[in-house]
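Each remark here refers to the structure printed beneath this line.
Taken together, the values in this text are just the output of simple stated rules run on the coordinates, not laboratory data. Just so it is clear, the model here is predicted, and its values are computed rather than measured. Because the Cβ atoms are built from the backbone with ideal geometry, glycine has one as well, and the counts that use them run over all protein chains shown.
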Amino acid sequence: MSIDEIHTPQAGGSVSEPPLGQTQIGTTPVYAHVWEDAAELNAKLREIVLHRAATTPGLQKSQCGGWQSERNLQLWGDPAIDELLDRMRAMVKSVVRATVQNPGDDLLEGWDIEAWANVNQLGDTVTTHVHSGGVNMWAAVYYVDCGEDENAINSGFTRFLDMSGIPRPVSNKVQAAASTLSSRGEDGKANCTEPERTGEYDLESAPIPGKMIIFPATLPHYVTPYLGNQKRITIALNLRHTKFVVTDFENHFSRRRQMWRNYRGLMMAMYSVKKVVRENLAKYVPVDKWPTRLKRSLLGGGGI
Ligand SMILES: [Fe+2]
C-alpha cells in the first residue's frame, strides 16, 4: 500500500492550511501534503543542511549510516527554515481539524516544533523507531531531496508498520526486510540489524521533494536503503503540545508519563520555562555554541 496513491489538489502559494491526503495503516491515519511550489525552498534547505553536515559531526540515533543533525534545526534562525516551520504549523492545523471536532485556537495554535535534518548516501537506512515521549503528539517528515530522478524514485521509502493488531495471514515470503543491514554494516552498529519481516502490510511513502507527512508519534516506521549516488535529504520533526494526550498502554507507568499525569501544572510550567529560555537564548547565542549539558537540559530528546 502506498500513501502516494492519494493525491489532493494543491493549496494556494501562501501558508494557508493545506488540503490533506489521508490514508491509513491499520487503524492509524497518516496525512500527506505535497507543496508543489517548494523547489526554491528545497534548494535553500539543501544548501543549509549540507553546510551543517560538512561542518558538524551530528548525532547517531536510529540511522544506519548517514548524517543526522542535532535536534535543534528549529533554532538555526534561517528564513528558509522559518518558512518550513510555518508550513508545518499550517499543516498541523489541518490535521487537528481532521482529528478533533470543532477545535479552538488553544488546540490549533501553540505547537512547539523540534526538528533535525538527515542526509543519506548510498546504502544508508533508518531502522524502525517511534517519536513518542514527553509531549510529542504528532511526528512529521519533510522531503527536501530524494537523491534520485523525481519521476522514478525507487529507494529511500519511509515505511510505517501496521500496528492495528489485525491478524494477517502467515506469509511464506519472508524476505530480507528492506530495513535490515545497512550496506555499511561493518560500522559495528548493532542497531542496524532488525528482525526480518515481509513488510506486506506496511504503508509506504515515497520521498517526493516538497512532500510533508504527519503521523502519530507512536507509529513505528523505518526507511528503506537509499540506493542512489547523490544525497537524500529529509527533515524530521516532533510536534509537541501540552493540551493533548496520547493513550499509551505500554509506557503508562513510565516516570515521565506519571509526572505528566500527576503533576501536570508543574510539568507545564517547567515545559514553558524551558521553551522561553531556549528560544530567547538562541536569539543571542547560536545553538551550536551552547554547552552540551545546557543543550541536553533545554532541548532534551523527547523530554518534557
Ligand atoms: Fe522518524
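Between A43 and S2, the C-beta separation translates, for a Förster distance of 35 Å, into a calculated FRET efficiency of about 0.85.
Residue pairs exceeding 21 angstrom between C-alpha atoms, taken from K243/K274; K243/K283; K44/K274; K93/K243; K44/K211; K93/K295: K243/K283; K44/K274; K93/K295.
On the beta carbon distance between T247 and R168, with R0 = 25 Å, the FRET formula returns roughly 0.65. Projected label points at K289 and T99, each 7 Å from Cα along the beta carbon direction, are separated by 3.8 nanometres. Most tightly packed first, judged by the mean number of other beta-carbon atoms within 10 Å of their residues, the peptides 105-113, 21-29 read 21-29, 105-113. For a Förster distance of 25 Å, can you work out the FRET efficiency between the beta-carbons of E83 and L281, rounded to the nearest 0.05? The calculated FRET efficiency here is 0.65.
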